[in-house]
Amino acid sequence: MVLDAAYHVKQAMTGNYSIVTVVPGLNTSSGGPSFVVPSLVAAVARQGVRCSLLSATAQPGEDLQLPPAELVPTKLVAGGLGAGWRVAAEVARRVRQQQVDLLHVHGLWMPACFLASRVARQQGIPLVITPHGMLEPWAWRYHAWKKRPVWWLCEQRNVRAAAVLHATAQAEVAGLRQLGVTNPIAMIPNGVALPAETAHQRVAGDGCRTILFLSRIHPKKGLLHLVAAWQRARVAGWRVVVAGPDPDGHLAEVRQAAQQAGVAADFDFPGSVYGDDKWRLYREADLFILPTFSENFGVVVAEALGMGVPVITTKGAPWQSLEEERCGWWVDVGVDPLAEALRQAMALTDAQRQTMGARGAAMVRNRFSWERIGKEMATVYDWVLGRADRPECVRL
């Protein structure tokens, strides 16, 4: 692939510093960061910044999300026991060889994250940390017995030593401040890369309309609330599709809940879907739902909106714009609010839902392009390295 001339001009201007990005895993079952980070690094590289990506791989031949090789060199160290130490050793090697001007670490709690951050802190390398919602109240409480020792032993020092923390929504900024974090915080949303064809294509078939959930099958996502809400709000001629990886075995609990509620026949569980299959589910959906307890962003909400699908999500996700732009429902966490939103959404005509979807698609195009987000992140790096004034996205 031949890069465009604008890229080479930018590279000549900014190619004298190097950004190394660390993410614990890039396999598709790892959830949001494995999809977002490669796109973000590639978007920054297109601004002329020299970027490389470092991660671990759990199994040979697993399905990985990788940025374009011609833009972002990616190194995968062996996964499994000791993977965090191997990632940190690779960071240390690059520091010794003066190949790292700034380290950007995505995530917390995993050894690859806190050990790599520790190398940067000890070696005096500027550090940017993206928590990906891992310091949100719900996430902090989930498995707290494992997280608190790591926090006190090393993660707290890493976080407080970071030159900048990257949050994806104002709610995450507020949550970090409530924790007592005083670092500068760059508020930059995630981007969305949509396929060329986004037109709604609901399958006629038996005329059944579809409510889609597409995310990790995890207790945080609120699927048990969805089952209970559907039991109260169900309407003949509608079905619920629950798609996504099930890394921790939560799907069995969801299936059992649907069975006990007497609504199992209304639910389809197609498993993990990627690429064309994922976009087909969006095209065929009449509504999208994410009944989550906590999200720092919620990429699937942006994807659904970009595909013209109205969205129901909770105030555990930072999507107040659903109400502001009249393209969905932003409700309190809980069964009753979800049930009421479902009733309202299913009572609309197809045309009314399509009008809502069109408003959402326009909003996503205007706010969440990767080109725009890559430019913003590049200005943050420039500021941290003393090459530019503080950008507007950085909150002190």
message: On the basis of being farther than 19 Å from Arg343 by Cα, at pLDDT 95 or above and either surrounded by fewer than 16 Cβ atoms within 10 Å (Cβ to Cβ) or of a type in the set (A, V, I, L, M, F, W, C) (or both), does Ala199 make the cut?
response: no
query: Only one of (1) touching a residue at least 40 places away in the same chain (Cβ under 8 Å); (2) surrounded by fewer than 24 Cβ atoms within 10 Å (Cβ to Cβ) is not met by Phe269, so which one is it?
result: (1)
query: Within segment 106-174, which helices (runs of 4 or more DSSP H) (wholly inside it) include 2 or more residues that are aliphatic (A, V, I, L, M) and crowded, with 16+ Cβ neighbours inside 10 Å?
result: 111-123, 156-161
task: Mind telling me which of the residues Glu376, Glu392 ends up being touching a Cys at 6+ places or on another chain (Cβ under 9 Å) and either of a type outside the set (A, V, I, L, M, F, W, C) or in contact (Cβ under 8 Å) with a residue 60 or more places away in the chain (or both)?
output: Glu376
field: Options Val333, Val299, Val309: the member that is of a type in the set (A, V, I, L, M, F, W, C), surrounded by fewer than 19 Cβ atoms within 10 Å (Cβ to Cβ) and not assigned by TED's automatic domain parsing to the domain that holds His166
entry: Val333
query: All but one of (1) in contact with a Cys (Cβ under 7 Å, 6 or more places away or on another chain); (2) without any contact (Cβ under 8 Å) to a residue 40 or more places away in the chain; (3) over 15 Å from Phe288 (Cβ atoms) hold for Arg359; which doesn't?
result: (3)
task: Go through segment 69-105 and give me each residue that's among the charged types (D, E, K, R) and surrounded by 15 or more Cβ atoms within 10 Å (Cβ to Cβ).
output: Arg86, Glu90, Arg94, Asp101
- prompt: Give me the pairs: first residue in segment 140-163 and more than 19 Å from Gly175 (Cβ to Cβ) and in contact (Cβ under 8 Å) with a residue 40 or more places away in the chain, second residue surrounded by 16 or more Cβ atoms within 10 Å (Cβ to Cβ) and charged (D, E, K, R), beta-carbon distance under 8 Å, and six or more apart or on different chains, which are they?
  reply: Cys154/Arg118; Ala161/Arg121
- request: Would you be able to say whether some residue in segment 303-312 is touching a Cys at 6+ places or on another chain (Cβ under 7 Å) and in a loop (DSSP other than H, G, I, E, B)?
  value: yes
field: Residue that is surrounded by the fewest Cβ atoms within 10 Å (Cβ to Cβ), among those in segment 238-266 that are at pLDDT 95 or above and part of a loop (DSSP other than H, G, I, E, B)
entry: Gly262
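The values are calculated or read from the model by the stated rules, or taken from the named source; none is laboratory data. Worth saying up front: this structure is predicted, and the values here are computed from it rather than measured. With ideal geometry, Cβ positions are generated from the backbone for all residues, glycine too; neighbour counts draw on all protein chains shown.
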